[in-house]
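Structure record follows, encoded as structure tokens.
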Amino acid sequence: MPVLPARDWPTPPDGIAAEAIVWAETVAGGNYTHKVLARGTEVRLTDLTGDACAHLLLFSADRPWERLNAADTVKVFWNAYLGAGHLLLSDQGRVLASLTEDTSGRHDALTGTSTLARNTARYGDGSPQSASPAGRELFKLAALKNGLAPRDLPPSVSFFQGVRVAADGGTEFTGSAGPSASVTLRAEQPLTVLIANVPHPLDPRPAYTCGALEVLAYGARPTAPGDALWDDTPEGRRAFLNTADHLTARGIA
């Protein structure tokens with residue numbers, strides 16, 4: 001369960017006032033969470049044990065047909081490996097969130113999350129109430145609580161369990177960077193955030209292994225012209241301009 005009110009979280013991040021915290025939660029392995037966040041909110045995910053795997057989906061908060069597009073997130077920036085400075089894009093060429101900090105370096109934008117069929121074959125069950133719930137089944141529950149249906153769920157990205165592309169074109173699982181690794185995402189639009197903390201589909205360990213995930217979100221400001229990230233790449237600058245144009249027309253500063 002989340003801490004309510006979030007400002008009562010006992011250990012705010014350095015430089016962040018307790019009053020600025022709007023979401024504070026520890027998500028056990030095999031569980032999920034979700035939240036609607038204001039533009040400019042920063043979300044820090046921390047792998048507490050070295051065994052978390054945070055599968056993430058993002059939706060424009062009031063326009064859920066605009067959602068995370070993992071393929072565009074990879075191909076627009078010519079980079080399949082998420083890290084600080086990477087932008088998470090929608091299929092409209094706009095920035096949903098930017099990845100501002102990363103101490104892990106072990107992520108995956110290629111594989112997606114686990115499914116009912118796969119978990120049933122591997123662990124004997126993949127239903128949400130089982131001891132080995134699949135990521136897609138948990139995403140369905142989080143989606144329903146935000147007015148979304150299974151058909152609204154695109155491929156997700158995941159953090160803290162790495163995948164690399166091998167020389168033969170296959171994928172290699174590289175595991176985690178160890179306990180206490182973290183990533184920080186900045187919401188560049190009002191967002192609906194869905195997170196499923198489940199084992200990575202390529203994790204070779206025979207047991208269903210997933211550690212606790214810490215989620216902290218706090219008020220900040222969105223990326224703006226003049227910020228280094230805004231002009232980091234031509235592709236990124238165009239995505240930010242697309243986002244600013246869209247939000248300005250809707251009266252969102």
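The values are calculated or read from the model by the stated rules, or taken from the named source; none is laboratory data. On a predicted model such as this, the values are computed, not experimentally measured, just so you know. We place every Cβ from the backbone using ideal geometry, glycine too, and count neighbours over all the protein chains shown. In case anyone asks, the SASA skips ligands and DNA or RNA and just uses the protein heavy atoms, side chains included. Shrake-Rupley method; radii C 1.70, N 1.55, O 1.52, S 1.80 Å.
Filtered by the rule that a residue be charged (D, E, K, R) and either free of Cβ contacts under 8 Å to residues at least 12 places away in the same chain or open to solvent by 50 Å² or more (accessible area, probe 1.4 Å) (or both), the range 20-39 gives Lys35, Arg39. Can you name the condition, by its number, that Thr11 falls short on among (1) β-branched (Val, Ile, Thr); (2) part of a loop (DSSP other than H, G, I, E, B); (3) surrounded by 15 or more Cβ atoms within 10 Å (Cβ to Cβ)? Among (1) β-branched (Val, Ile, Thr); (2) part of a loop (DSSP other than H, G, I, E, B); (3) surrounded by 15 or more Cβ atoms within 10 Å (Cβ to Cβ), Thr11 violates only (3).
Table: residues versus (1) without any contact (Cβ under 8 Å) to a residue 12 or more places away in the chain; (2) buried (at least 17 other Cβ atoms within 10 Å of the Cβ); (3) within 30 Å of Pro206 (Cα to Cα).
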{"position": "Ala18", "(1), (2), (3)": "yes, no, no"}
{"position": "Arg63", "(1), (2), (3)": "yes, no, no"}
{"position": "Val76", "(1), (2), (3)": "no, yes, no"}
{"position": "Leu110", "(1), (2), (3)": "no, yes, yes"}
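One residue stands out in the range 187-224 among those that are under 21 Å from Glu42 (Cβ atoms) and either of a type in the set (Ser, Thr, Tyr) or free of Cβ contacts under 8 Å to residues at least 12 places away in the same chain (or both): the one that is most open to solvent (accessible area, probe 1.4 Å), namely Ala224.
Being farther than 13 Å from Val157 by Cβ, modelled with pLDDT of 95 or more and part of a loop (DSSP other than H, G, I, E, B) holds for only one residue in Gly112, Gly29, and it is Gly29.
For Phe173, the criteria (1) part of a loop (DSSP other than H, G, I, E, B); (2) in contact with an Asp or Glu (Cβ under 7 Å, 6 or more places away or on another chain) hold in every case but one, which is (1). Go through Thr33, Thr49 for me and flag whichever is out of contact with any helix residue (DSSP H, G or I) (no Cβ under 6 Å at 6 or more places or on another chain), over 30 Å from Arg250 (Cα atoms) and of a type in the set (S, T, N, Q). It is Thr49. Out of all the residues in the range 152-168, which are small (Gly, Ala, Ser) and either open to solvent by less than 10 Å² (accessible area, probe 1.4 Å) or in a helix (DSSP H, G or I) (or both)? Ser156, Ser158, Gly162 - these are the residues of the range 152-168 that are small (Gly, Ala, Ser) and either open to solvent by less than 10 Å² (accessible area, probe 1.4 Å) or in a helix (DSSP H, G or I) (or both).
Would you confirm whether or not the range 82-100 contains a residue that is open to solvent by 20 Å² or more (accessible area, probe 1.4 Å), of a type in the set (D, E, K, R) and in contact (Cβ under 8 Å) with a residue 60 or more places away in the chain? Give the steps one after another, and end with the answer.
At the first step, the residues of the range 82-100 found to be open to solvent by 20 Å² or more (accessible area, probe 1.4 Å) are 84-85, 91-94, 100.
Subset that is of a type in the set (D, E, K, R): 91, 94.
If we keep only those that are in contact (Cβ under 8 Å) with a residue 60 or more places away in the chain too, we end up with 94.
Yes: one or more hits.
The combined condition, being among the small types (Gly, Ala, Ser), closer than 30 Å to Gly15 by Cβ and touching a residue at least 12 places away in the same chain (Cβ under 8 Å), is fulfilled by Ala54.
Look through the range 129-151, keep the residues that are surrounded by fewer than 17 Cβ atoms within 10 Å (Cβ to Cβ) and not small (Gly, Ala, Ser), and return whichever of them is farthest from the chain's Cα centre (by Cα). Don't jump to the end; show me each part of the working.
Of the residues in the range 129-151, the ones surrounded by fewer than 17 Cβ atoms within 10 Å (Cβ to Cβ) are 129, 131, 141, 144-147, 149-151.
Retained after the next criterion (residues that are not small (Gly, Ala, Ser)): 129, 141, 144-146, 150-151.
Working: Gln129: 23, Leu141: 16, Leu144: 18, Lys145: 18, Asn146: 16, Pro150: 18, Arg151: 19 Å.
Out of the qualifying residues, it is Gln129.
Just give me the residues in the range 115-126 being among the small types (Gly, Ala, Ser) and either open to solvent by less than 30 Å² (accessible area, probe 1.4 Å) or part of a helix (DSSP H, G or I) (or both), in sequence order. Working first, answer last.
Taking the range 115-126 first, the residues among the small types (Gly, Ala, Ser) are 117, 121, 124, 126.
Correct list: Ala117, Ala121, Gly126.
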